Amino acid sequence: MSKENEIIVEMKHIDMRFQGVHALDDVSITLRRGEVHALMGENGAGKSTLMKILVGLYTPTGGEIYYKGEKVRFKSVMDTKKLGISMIFQEFNQVKYMTVMENIYLGREPKTKTGCVDSQKMYEDSKRLLESLGVDLEPKTKMAELTVAKFQLVEIVKAISYDADVIIMDEPTSALSQSEIDYLLKTVNLLCSQGKAIVFISHKLEEVYGVCNRVTILRDGHFIHTGLVKDITEQQMIKYMVDREVSELFPKQYGEIGDVVLEVKGLTRKGEFQDVSFALRKGEILGLAGLMGAGRTELAETIMGLRTPDSGEIYLNGEKIVNRIPEDAIKRGIIMVPEDRKKNGLVLKLGIRDNILMSSIGKCVRNGVIRKSLEKELCKKFGDMLEIKRSSDEQLCGNLSGGNQQKVVVARVLNADPDIIILDEPTRGIDIKTKSDIHRLMSQLACSGKSIIMVSSELPEVLGISDRIMVLHEGIVTGILDRSEADPNIIMQYAVKTGSKPACAP
């Protein structure tokens, strides 16, 4: 066996149970030097659980792990890091008020002979590591000053600093712009060329086909398939993951689009967006497209009352409104699913029922008393409608998969029965089946008369589900397109440079 194809890790017949829940059942995976190995499956399929076993966070209830040919049993994360296995988690754990170099060597800072931190050596070692990956970043820069993409790169450098042979990346591109994704994928290829074994967990098929050599697919905690990426089609991969044909990821339905319900005129917030005008009709899905930093989220949050505009007007059903706080918007029938579901969309330490009902607990009150039977009825209604996988309605949201967490946020919004729904990156970081479910639900809501504004960084999603598409570039509206005239090239042309601002046809 050549050095480049050397087997570094073998996980054989891994079994994992959590309080009776069979999370992994007879799962095996082999990692080779110089390969990028995709680990695919729906949310809740067991991908993260398998990798947390590999890095020593969990102890499996069955199976064997071999590292460089020797049988091992990891007791902690430090055990695996010392051996050369590192994981970059989806949620970052850097200390933002510290510098890049302090984060890279946190807890293992180089010391002088007198026992003090050797800042000069830390600086030089950090700089060398950053340069080895072509990362143009000053080691003394504070983490708080960095973009999400730079956060990812610092995590990769930190993994390399342990002299890691195996690097696990969990959804590494979920919060990045396309240019940042391209740079990160080049870094992955560079690591691969240096003989590292990379595990790449992603729901984005284009990335898997673009950067991965081999793929292992899990479904409901079971091993389904492993093989070379080039030997499997997208349709086969989707079928392996969801056990059904998914020929339509964007099940668009067409309903009647009515009168204008929301009109924005000349809305401006300095440094974020300027002179934005558009109209949203009853039963319409309006997609907001643009690159990272285009001002889409800032615009949505200003409409919602989370930010205060410097100028401009908002009209609801022809009447001028001012949403000073989100409660104003909610009372007017406007509600938002935020971009960061864990930070702004859920209370992770509360159960599913409490999260679903928190926006409209009044529905469960009769004669001044909260009726548990009504709480249970409403929770079951929306839990079943969205097919939320749960052991009970009291299950903590922090213990749900990403896709099911997103479904709980959507359930909370639907329970409030709004007329206008703002969805900010509604399918980020969730699996293909759940994406299809949410797209179908969006289409059904629009057909029932709800009006939807959808912010999305995924062009196929914008094109697949929107009735009209508004494109922003650096806070300026550069195009408003009907579904029939939009294609990826046109949208990208509007997204990368400003042009003449189009008139806003209601």
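The values are calculated or read from the model by the stated rules, or taken from the named source; none is laboratory data. Source: prediction; values computed, not measured. With ideal geometry, Cβ positions are generated from the backbone for all residues, glycine too; neighbour counts draw on all protein chains shown. SASA here: full protein model, heavy atoms, side chains in, ligands and nucleic acids out. Shrake-Rupley method; radii C 1.70, N 1.55, O 1.52, S 1.80 Å.
A quick yes/no check of all residues on (1) under 19 Å from Ile321 (Cβ atoms); (2) not small (Gly, Ala, Ser):
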{"position": "Gly221", "(1), (2)": "no, no"}
{"position": "Val229", "(1), (2)": "no, yes"}
{"position": "Phe250", "(1), (2)": "no, yes"}
{"position": "Gly255", "(1), (2)": "no, no"}
{"position": "Val264", "(1), (2)": "yes, yes"}
{"position": "Val276", "(1), (2)": "yes, yes"}
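Quick check: anything in region 370-380 at pLDDT 85 or above and buried (at least 17 other Cβ atoms within 10 Å of the Cβ)? Checked region 370-380: at least one residue is at pLDDT 85 or above and buried (at least 17 other Cβ atoms within 10 Å of the Cβ). What about Gly351, is it open to solvent by less than 60 Å² (accessible area, probe 1.4 Å) and closer than 19 Å to Thr427 by Cβ? Considered against the rule, which asks whether it is open to solvent by less than 60 Å² (accessible area, probe 1.4 Å) and closer than 19 Å to Thr427 by Cβ, Gly351 comes out as no. Per the listing Leu286, Leu228, the residue uniquely touching a Lys or Arg at 6+ places or on another chain (Cβ under 7 Å) and within 25 Å of Asp437 (Cα to Cα) is Leu286.
Condition check for Asp15 on (1) more than 23 Å from Ile160 (Cβ to Cβ); (2) open to solvent by 60 Å² or more (accessible area, probe 1.4 Å); (3) of a type in the set (D, E, K, R): one failure, at (2).
Matching residues to (1) touching a Leu at 6+ places or on another chain (Cβ under 8 Å); (2) at pLDDT below 95:
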site: Met16; (1), (2): yes, yes
site: Val27; (1), (2): yes, no
site: Gly46; (1), (2): yes, yes
site: Met51; (1), (2): yes, yes
site: Thr59; (1), (2): no, yes
site: Ser76; (1), (2): no, yes
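Within region 326-343, the set of residues being under 26 Å from the mean Cα position of the chain (by Cα) and either modelled with pLDDT under 80 or part of a loop (DSSP other than H, G, I, E, B) (or both) comprises Pro338, Glu339, Asp340, Arg341, Lys342, Lys343. So, of the residues in region 97-148 that are farther than 23 Å from Thr187 by Cα and touching a strand residue (DSSP E or B) at 6+ places or on another chain (Cβ under 8 Å), which turns out to be most open to solvent (accessible area, probe 1.4 Å)? Top of the filtered list is Tyr97.
Taking Ile453 as meeting all but one of (1) open to solvent by less than 10 Å² (accessible area, probe 1.4 Å); (2) of a type in the set (A, V, I, L, M, F, W, C); (3) modelled with pLDDT under 95, write down the number of the exception. All conditions are met except number (3). Considering only region 344-367, I want to know if a residue exists there that is modelled with pLDDT under 85, assigned to a strand (DSSP E or B) and not aromatic (Phe, Trp, Tyr). Yes, some residue in region 344-367 is modelled with pLDDT under 85, assigned to a strand (DSSP E or B) and not aromatic (Phe, Trp, Tyr).
If you filter region 153-172 down to residues that are within 14 Å of the chain's Cα centre (by Cα) and surrounded by fewer than 22 Cβ atoms within 10 Å (Cβ to Cβ), you find that the one that is nearest to Leu459 (Cα to Cα) is Glu171. Go through region 190-203 and give me each residue that's surrounded by fewer than 16 Cβ atoms within 10 Å (Cβ to Cβ) and in contact (Cβ under 8 Å) with a residue 40 or more places away in the chain. Matches in region 190-203: Leu190, Ser193, Gly195.
One residue alone among Gly318, Gly271 is open to solvent by 50 Å² or more (accessible area, probe 1.4 Å), modelled with pLDDT under 95 and over 27 Å from Gly362 (Cβ atoms), and that residue is Gly271. Remark: pairs (first residue in region 326-353, without any contact (Cβ under 8 Å) to a residue 40 or more places away in the chain; second residue assigned to a helix (DSSP H, G or I); Cβ separation under 8 Å; 6+ apart in sequence or on different chains) = Pro326/Met304; Ala329/Ile303; Ala329/Met304. Residues in region 291-309 that are part of a helix (DSSP H, G or I) and touching a Phe, Trp or Tyr at 6+ places or on another chain (Cβ under 7 Å): 2 in all. Residues that are touching a Pro at 6+ places or on another chain (Cβ under 7 Å) and closer than 29 Å to Asp467 by Cβ number at least 1 in the following strands (runs of 3 or more DSSP E) confined to region 189-287: 260-269, 273-281. Tallying residues that are within 12 Å of the chain's Cα centre (by Cα) and open to solvent by 10 Å² or more (accessible area, probe 1.4 Å) within region 395-424 yields 2.
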